[in-house]
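Q: Here you go, one structure.
The values are calculated or read from the model by the stated rules, or taken from the named source; none is laboratory data. All of these numbers come straight from a predicted model, not from anything done at the bench. All Cβ positions, glycine included, derive from the backbone under ideal geometry; neighbour counts span all protein chains shown. The protein model used for the area step is the full one, side chains on, heavy atoms only, and it has no ligands, DNA or RNA in it. Shrake-Rupley method; radii C 1.70, N 1.55, O 1.52, S 1.80 Å.
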Amino acid sequence: MNLKMSVLNLLYPNRCPGCDRFLSAQETVCQPCAESMLVEQNGYCHECGKITCSRQHKKLYYDKAVVACRYDHAAVPAVLKLKKSRNLNFADFSGKILAERFNNAEYGKADMIIPVPMHPSKKRIRGYNQAALIAQKMATLLDLPCREDILYKSKSVSQHTLNAWQRAKNVENFGIHDISVKDLHIILCDDVLTTGSTMNRCAELLKSAGAARVIAASAVTTVLRSEKNKQGEVQI
Ligand SMILES: [Zn+2]
């Protein structure tokens, strides 16, 4: 580590977003937290991206799903910190895992990565779109363009304040600009996959604009109510 890095590390110590312990400058998540949050490659449905699924999917507009972590254990504070307290380590960590998993799945070379958009006013308040940070990490590692100028969100209602039906309605407020994505192979990236309706709506827009293939990549997939043993749906 050079002197500048050492000084920066003293001023702004690098901490694990899962457990808050100090990390070296190169680390993003400590080993125990990484192990607790990663979902195994065969531990989720590669069609819908959920951990438990009935295999009777509603119409899915994305072709395959790649996920990195389950919304449990250390991933809960890590996602919260990514959204609320500017500890962005989890974006780098999950983006790297997603890039590796996309490559290992042999889905072929993608043309671009598109993050699920955030409403501009919400982005102004937060300062960044966390889905875009994950997408940018993936894009760097996969040597692909990350395009934030294709999809947009026109209304800002926090998903977690809505019930499932309202959520399904709310996702209708995504839109697509008049930019051709004809015949393109696209990775659509988000931070959290809950019901999957957001991913599905964005994929539907891309497909309706001519995209050939959409792979949904999510840093985190939630644990369904049945798996949580009636503790209630996971709130984000
Ligand atoms: Zn940790």
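Q: Return the residues of the stretch 29-59 that are more than 16 Å from the ligand (Cβ to nearest atom), open to solvent by less than 50 Å² (accessible area, probe 1.4 Å) and of a type outside the set (S, T, N, Q); say none if nothing qualifies.
A: 39, 43, 44, 45, 48, 49, 50, 51, 53, listed by residue number.
Q: Within the stretch 60-76, count every residue that is surrounded by fewer than 20 Cβ atoms within 10 Å (Cβ to Cβ) and touching a residue at least 12 places away in the same chain (Cβ under 8 Å).
A: Going through the stretch 60-76 one residue at a time, the tally reaches 6.
Q: If we scan the stretch 152-169, do we find a residue that is modelled with pLDDT of 90 or more and either farther than 16 Å from residue 218 by Cβ or in contact with a strand residue (DSSP E or B) (Cβ under 8 Å, 6 or more places away or on another chain) (or both)?
A: yes
Q: Same structure, new question: Do we have any residue at all in the stretch 55-78 that's farther than 19 Å from residue 194 by Cβ, in a helix (DSSP H, G or I) and among the acidic types (Asp, Glu)?
A: There is no residue in the stretch 55-78 that is farther than 19 Å from residue 194 by Cβ, in a helix (DSSP H, G or I) and among the acidic types (Asp, Glu).
Q: I need the full set of residues from the stretch 78-102 which are touching a Phe, Trp or Tyr at 6+ places or on another chain (Cβ under 9 Å) and open to solvent by 10 Å² or more (accessible area, probe 1.4 Å), in order please.
A: The answer is 81, 86, 88.
Q: Six or more apart or on different chains, Cβ atoms under 8 Å: show the pairs whose first residue is in the stretch 173-193 and over 26 Å from residue 78 (Cα atoms) and whose second is of a type in the set (Gly, Ala, Ser) and not in a loop (DSSP other than H, G, I, E, B).
A: That search, which allows pairs on different chains as well, returns 176/208.
Q: Another question about this same structure. Can you pull out every residue in the stretch 105-116 that is open to solvent by 20 Å² or more (accessible area, probe 1.4 Å) and either at pLDDT 95 or above or within 22 Å of residue 25 (Cα to Cα) (or both)?
A: 111
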